[in-house]
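Participant: Dropping the structure in here first, questions after.
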Amino acid sequence: MSNRPASVFISQLTVTAIVGIHPDERVAPQPLTLDLELLCDNARVYSSNDLADTVDYAEVAVRVTELITQGRYRLLETMAEDIADMLLASYRISQVQVRVEKPRAVGKARAAGVRIVRPA
């Protein structure tokens, strides 16, 4: 990491997917909300002003959405780990934080979910 660390983040990315352990969750897609934060070195992008020298958050959103919708996950924990693994393998980042919320998980709560932080 240089002297120009930065976080690239995506806040409240909404994805509709099959996720859960209950029979009704295995057939009906439901909304999920994700927050992603990727710690990267922005030394090159500060001087180049070139997207290729940083993390393209639009691309990250597309790739994470594809992973989730194709995964048909049973547990949010597994989903979060797969997202973190994919991001760490695909981008020049030193750490990733993944937060996944499932709004319909607990009746009287706004949402329930999982948050993980993984170093490269």
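The values are calculated or read from the model by the stated rules, or taken from the named source; none is laboratory data. The shown structure was predicted, so the numbers you read here are calculated from the model rather than taken from an experiment. Note that we place each Cβ from the backbone using ideal geometry, even for glycine, and neighbour counts take in every protein chain shown.
Participant: What number of residues within region 37-51 satisfy the criterion of being acidic (Asp, Glu) and either within 19 Å of LEU88 (Cα to Cα) or in a strand (DSSP E or B) (or both)?
Facilitator: 2
Participant: Among what's in region 64-79 and is among the aliphatic types (A, V, I, L, M) and assigned to a helix (DSSP H, G or I), pick the residue that is nearest to the chain's Cα centre (by Cα).
Facilitator: VAL64
Participant: In addition: Surrounded by 15 or more Cβ atoms within 10 Å (Cβ to Cβ) and either β-branched (Val, Ile, Thr) or closer than 19 Å to VAL100 by Cβ (or both): is that true of ALA61 in this structure?
Facilitator: Spelling it out, ALA61 is indeed surrounded by 15 or more Cβ atoms within 10 Å (Cβ to Cβ) and either β-branched (Val, Ile, Thr) or closer than 19 Å to VAL100 by Cβ (or both).
Participant: Another one. State which residue pairs qualify: first residue β-branched (Val, Ile, Thr) and inside region 81-92, second residue part of a helix (DSSP H, G or I) in any location, beta carbons under 6 Å apart, and separation of 6 or more residues or different chains.
Facilitator: ILE83/VAL64
Participant: So which residues in region 64-89 are exposed (fewer than 13 other Cβ atoms within 10 Å of the Cβ) and more than 21 Å from THR33 (Cβ to Cβ), if there are any at all?
Facilitator: Of everything in region 64-89, just one residue is exposed (fewer than 13 other Cβ atoms within 10 Å of the Cβ) and more than 21 Å from THR33 (Cβ to Cβ), namely ALA89.
Participant: Please verify whether ASP82 is charged (D, E, K, R), out of contact with any Phe, Trp or Tyr (no Cβ under 6 Å at 6 or more places or on another chain) and in a strand (DSSP E or B), treating the condition exactly as stated.
Facilitator: No: the conditions fail for ASP82.
Participant: Here is a further query. Would you pick out the residues in region 99-120 that are β-branched (Val, Ile, Thr), surrounded by 15 or more Cβ atoms within 10 Å (Cβ to Cβ) and over 17 Å from ALA17 (Cα atoms)?
Facilitator: Hit for region 99-120 is ILE116, nothing else.
Participant: I need the full set of residues from region 72-93 which are under 19 Å from GLY20 (Cα atoms), modelled with pLDDT of 95 or more and of a type outside the set (A, V, I, L, M), in order please.
Facilitator: TYR73, ARG74, GLU77, THR78, GLU81, ASP82
Participant: Residues in region 29-58 that are surrounded by fewer than 15 Cβ atoms within 10 Å (Cβ to Cβ) and touching a residue at least 60 places away in the same chain (Cβ under 8 Å): how many?
Facilitator: Counting residues in region 29-58 that are surrounded by fewer than 15 Cβ atoms within 10 Å (Cβ to Cβ) and touching a residue at least 60 places away in the same chain (Cβ under 8 Å) gives 1.
Participant: Let me ask something else. Checking the structure you have, find out if any residue of region 29-36 is over 19 Å from SER7 (Cβ atoms), polar (S, T, N, Q) and not in a helix (DSSP H, G or I).
Facilitator: Yes: region 29-36 contains one or more residues that are over 19 Å from SER7 (Cβ atoms), polar (S, T, N, Q) and not in a helix (DSSP H, G or I).
Participant: Considering region 4-28 alone, what residues qualify as being assigned to a strand (DSSP E or B) and surrounded by 13 or more Cβ atoms within 10 Å (Cβ to Cβ)?
Facilitator: Residues satisfying the conditions are PRO5, ALA6, SER7, VAL8, PHE9, ILE10, LEU13, VAL15, THR16, ALA17, VAL19.
Participant: How about region 94-120: which of its residues are at pLDDT 95 or above and among the β-branched types (Val, Ile, Thr)?
Facilitator: VAL96, VAL98, VAL100, VAL114, ILE116, VAL117
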